[in-house]
């Protein structure tokens, strides 16, 4: 018998999904070794955006820091070097975990709650740091750091994750019980001053979905009721929650769902609730010839093909994904 077709049969064909014709054992082994045989895993390049949960804010303290942002398309958090795409295999399971935002605090002192990590295979983004709420202390460290409370003066807030860089530091605290803004993926949180809390640091935009979307903004701090402002300091673009207070005693707002935004801080006006950070998200981009399977425990969707790619957006849970 000839190696590929001959007097007893037509030419054999093989692809990762099928193999037709009559095959000698040595030929089948060769094709398996080259990952050409039906059912053999083949290499696939995956771009990713992995955003962790944002930090919760503090009561009479700093805004929550944004969740760490790691990305292979457009830009990554903290002005770091663009991440490298992963070379994975089809027919193989890879872990995905979506980090939750740090929980809110109602009229309770102490530091805000940090967000949880998000994970895709070997890539981990660190949860955002909670806002500082203990007098003369710093905001908590995280993907982006939480803002510091009153008493820390012009000192910086909580520090960002340094290796790899995923975000920015939080802002320092001011006076009259106002804190600094939480750091964002695109900018440092603003420092507090006299009566005015710092704004949350802006997030970072990426076009991994095919359109430019901003993620991971820091949470704003509250503003003293004796100030002329209506409401608190603004949260950063990309889901950062606004601070509360001001002369209208406005409520703070939470970080945006699936943005990794930090929560907004508050004082004893309004609902007296320092708000939660926003949950994280994982977005995966891959060739449109492939189809993803999103496993049990995960919530997500796959887009239609566009520009040579499909995208999977995973918004909650923990489980595994694979491709065919």
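The values are calculated or read from the model by the stated rules, or taken from the named source; none is laboratory data. Everything numeric in this text was worked out from a predicted model, so none of it was measured. Neighbour counts run over all protein chains shown; Cβ positions are idealised from the backbone, glycine included.
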Query raised in the report: Condition test on residue 282, is it touching a strand residue (DSSP E or B) at 6+ places or on another chain (Cβ under 7 Å) and touching a residue at least 24 places away in the same chain (Cβ under 8 Å)?
Result: yes
**Report entry** residue 163, sole failed condition from (1) closer than 24 Å to residue 73 by Cα; (2) surrounded by 20 or more Cβ atoms within 10 Å (Cβ to Cβ); (3) without any contact (Cβ under 8 Å) to a residue 40 or more places away in the chain
**Finding:** (2)
Query - Scan of the stretch 223-249 for residues that are over 12 Å from the mean Cα position of the chain (by Cα) and at pLDDT 95 or above, ordered by number - result: 233, 234, 235, 236, 237, 240, 241, 242, 243, 244
Report task. Take residue 91 and decide whether it is touching a strand residue (DSSP E or B) at 6+ places or on another chain (Cβ under 7 Å), at positive phi, assigned by TED's automatic domain parsing to the domain that holds residue 252 and touching a residue at least 12 places away in the same chain (Cβ under 8 Å). Result -> yes
Query raised in the report: Quick one: is residue 227 touching a strand residue (DSSP E or B) at 6+ places or on another chain (Cβ under 8 Å), in a loop (DSSP other than H, G, I, E, B) and touching a residue at least 60 places away in the same chain (Cβ under 8 Å)?
Result: no
Query raised in the report: Within the stretch 92-99, can one find any residue that is over 22 Å from residue 44 (Cα atoms) and surrounded by 24 or more Cβ atoms within 10 Å (Cβ to Cβ)?
Result: yes
Requested in this report: Restricting attention to the stretch 178-220, report how many residues are in contact (Cβ under 8 Å) with a residue 60 or more places away in the chain and at positive phi.
Outcome: 2
Query raised in the report: Does residue 74 satisfy the criteria of being on the phi < 0 side of the Ramachandran plot and either outside any strand (DSSP E or B) or surrounded by fewer than 17 Cβ atoms within 10 Å (Cβ to Cβ) (or both)?
Result: no
Query raised in the report: Looking at the stretch 210-218, is at least one residue within 19 Å of residue 150 (Cα to Cα) and either modelled with pLDDT of 95 or more or in a loop (DSSP other than H, G, I, E, B) (or both)?
Result: yes
Query raised in the report: What about residue 80, is it at pLDDT below 95 and in contact with a strand residue (DSSP E or B) (Cβ under 8 Å, 6 or more places away or on another chain)?
Result: yes
Query - Criterion (touching a strand residue (DSSP E or B) at 6+ places or on another chain (Cβ under 8 Å), in the same structural domain as residue 178 (by TED's automatic domain parsing), outside any loop (DSSP other than H, G, I, E, B) and at pLDDT 95 or above) met by exactly one of 205, 252 - result: 205
**Report entry** One residue from 236, 184 being assigned by TED's automatic domain parsing to the domain that holds residue 264, in a loop (DSSP other than H, G, I, E, B), closer than 29 Å to residue 107 by Cβ and out of contact with any strand residue (DSSP E or B) (no Cβ under 8 Å at 6 or more places or on another chain)
**Finding:** 236
Report summary line: Pairs returned, first residue in the stretch 46-64 that is on the phi > 0 side of the Ramachandran plot, second residue that is crowded, with 24+ Cβ neighbours inside 10 Å, beta-carbon separation under 6 angstrom, 6 or more apart or interchain, are 60/267
Report task. Could you tell me whether any residue of the stretch 137-159 is out of contact with any strand residue (DSSP E or B) (no Cβ under 7 Å at 6 or more places or on another chain), more than 16 Å from residue 261 (Cβ to Cβ), assigned to a strand (DSSP E or B) and at pLDDT below 95? Result -> no
